[in-house]
1. At what distance in angstrom do the alpha carbon centres of segment B:183-214 and segment A:25-79 lie from each other?
2. Solvent-accessible area per residue for chain B at a 1.4 Å probe radius, Å²?
3. Whole-Hz ³J(HN,Hα) for each residue in segment B:150-163, computed from phi via Karplus 6.51 cos²θ - 1.76 cosθ + 1.60 with θ = phi - 60°, x for glycine and proline: what do you get?
4. Starting from the 7 Å offset along Cα-to-Cβ, what nm value, one decimal, do you get for the label separation of B:SER267 and A:GLU118?
5. Compare A:GLN124, A:GLN263, A:GLN75 in a GNM of chain A, Cα atoms joined below 10 Å, and give the one with the largest fluctuation.
6. Just the number, please: Stokes-Einstein D of chain A in µm²/s, Kirkwood Rh from C-alpha pairs, 20 °C, 1.002 mPa s.
7. Multiplying the sequence separation of B:GLU69 and B:ARG91 by 0.36 nm and subtracting their Cα-Cα distance, what value in nm do you get?
8. As a check on your grasp of the helix formula, calculate [θ] at 222 nm for chain B: sum -39500 (n - 2.57) over DSSP H runs of n ≥ 4, divide by the residue count, round to the nearest 500.
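The values are calculated or read from the model by the stated rules, or taken from the named source; none is laboratory data. Since we're looking at a predicted model, the values are computed, not measured. Positions of Cβ are backbone-derived with ideal geometry, glycine not excepted, and every protein chain shown enters the neighbour counts. With ligands, DNA and RNA removed, areas are computed over all heavy atoms of the protein, side chains included. Shrake-Rupley method; radii C 1.70, N 1.55, O 1.52, S 1.80 Å.
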Amino acid sequence: MDQETILSVENFNLFFNLRGERLHAIRNVSLSINRGECLAIVGESGSGKSVFCRSLLGLNDKNSYIGSGTITYGQRDLAKITAEEEWQKIRGKEIAIVMQDPMTSLNPLIPVGKQVAEAVSIHQGLKGKPAKQRAIQALVDVGIDNAAKRYSQYPHEFSGGMRQRVVISIAIACQPRILICDEPTTALDVTIQAQILNLVKDLQKKHGLTTIYVTHDLGVVATVADRVAVMYAGEFVEIGTAEEIFFESRHPYTWALLSSMPQLGTKGEDLFTIPGAPPNLFMPIAGDAFAPRNPFALKIDFVEAPPFFQVSDTHFVKSWLLDEMAPDIQPPEAAMRKRGLR
Amino acid sequence: MIMRQPETLLEIDNLSVGFGRGKKLYIAVQDINFAIYKGETFGIVGESGSGKTTLGRTIMRLYNPMKGEVRYDGKRITGRLPKSEDKALTRKIQMIFQDPMSSLNERAKVDYIITEGLLGRKDVSKEEALEAAKSAMASVNLPWDFASRYPHEFSGGQRQRIGIARALVMEPEFIVADEPIAALDMSIRAQILNLMSSLQRERGLTYMFISHDLSVMRYFCDRIAALHKGKVVELASAETMFSKPLHPYTAALVNAIPQPDPTIQRSKHHVAYDETLEHDYSKQQPSFREIETGHFVLANDKEAIKYEKIAKGQL
């Protein structure tokens, strides 16, 4: 299938300066995102998922700087933007973000409708009545009943799920082309989570939105994602379609993630945990970052970082296990069992 | 799992808990009845606002019930108690909190946080308290060097271990765990759950596990009660609750769990629970009844007949 690339990141490196030390947060990452798809980024906390998404909007803290690489969006290279005014033309209008916690991302002192209208007036230049109407329409779009009345209510009058809807409506009010959802449902109940996931899917279809979905919940990934990128220690280790990642994963880290899902636990047995801790990104990493925690690690993993091996048109894996010289390895049961699961 | 004759440890008898009074009265927990057996993990599941935490806190004796009582080992523990009993219960029933970031005293060192419950007790000397803290730290796999540090120096998983050690130092029999893993990262969750189950095996602990994450509960709990608007709508063994939920609310909860399988998820039809559509209680109010052995549902006569048929596989 031939798809149009809407955003492409190439050899992107991002550093943080922390007390004079340099932390290599995003390590030489390349990824392209197709128009209209939903890409999920999964990984443990601290793997750089959020930092990566924030780089696309220039939202990282001031002590961060881009080492090298490009973020091509349309004709522009977002990695070159330094002026805040330039970013403001991108944020909201072109690329919008929904943050994790709906309890803290709204201003408690301003009625929710005004907060939606604010986004509209800044980015679309609408004022007064038209802005209000646009905002009410945005609230209706995300499934808020009685939007005209809800317009003048305050955030505390909304439940968690409703607040997250408001946040999403702010994000889509300006009809962005890309919507980044940074763990939008982790603070919510499962039933509300299902509603929000459905909402995001509907919006994606209706407005032809491209969605980037950051999460650590593989169940959520299975629900929304067309493609999945697995992140570890600031780099992508496996990229593929949802089916490829869930049923035919080839990277030991993806196997470990799949194995540690509590859904697959057996009563009376310990849950699978990944031994060790993620690497210290202050230090340069020799070889494959996952090698010290990887039971399948080969000798070369400790010496040289693996390149991306292409498994199919859409499936890329960064692991020496796919080298033709590598021994045949039986993936762990959980990653295998999944294939037979009905 | 070892088969055993279940021995009741905690009994909840017709419990209602409310806040405010008069016109402002809000009933958070209404007419709840169930028993927790010794050595089991009893799960409480429900959406936010369903009263799970209120129930947990009432068992912790932090709230007073409006009606009904809670019995521990056959003795009433709600309401006024003699001082000696009160002290003994504080030791026996402990709690693990949801958010390890806010449940530890930021200005105290770890050793103080852990021993705080033992300090000021006449039967425990300071040295004994420290010894107890040492062994509690060891059982949650934290090195003793950490004792002189402050909470902010630790990660979320480590802080939750400190929270568990603080509960263990009292040598409790019963632990109320209120969403102990909700605030933790996926990989840390498994570690904390493994720790909790190994402690249960070693010490014969009984847990009441409050959570909204059903996927974890299936693995972790023996029996589960589903709470909706302060009422228990269904109570069954964890396996039954998942494979054969009878009440439409529980069915909606189970349906909403995202399965880690894109083919299932894409074909899934999302069902929302709307109590006004699901139930017709105009003729008869529902009551809590046993549909099959050990499987209780809140239903009226008409619904009970339907549920029985579903349970037997006739529908």
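1. Segment B:183-214 and segment A:25-79 have Cα centres spaced 35 Å from each other.
2. 48 Å²
3. Using θ = phi - 60°, the values come out as 9, x, 5, 7, 10, 7, x, x, 5, 5, 5, 5, 4, x Hz.
4. A separation of 4.6 nm, rounded to one decimal place.
5. A:GLN75
6. 101 µm²/s
7. Extending this stretch completely gives an extra 5.9 nm.
8. When only DSSP H runs of four or more count, the value is -10500 deg cm²/dmol.
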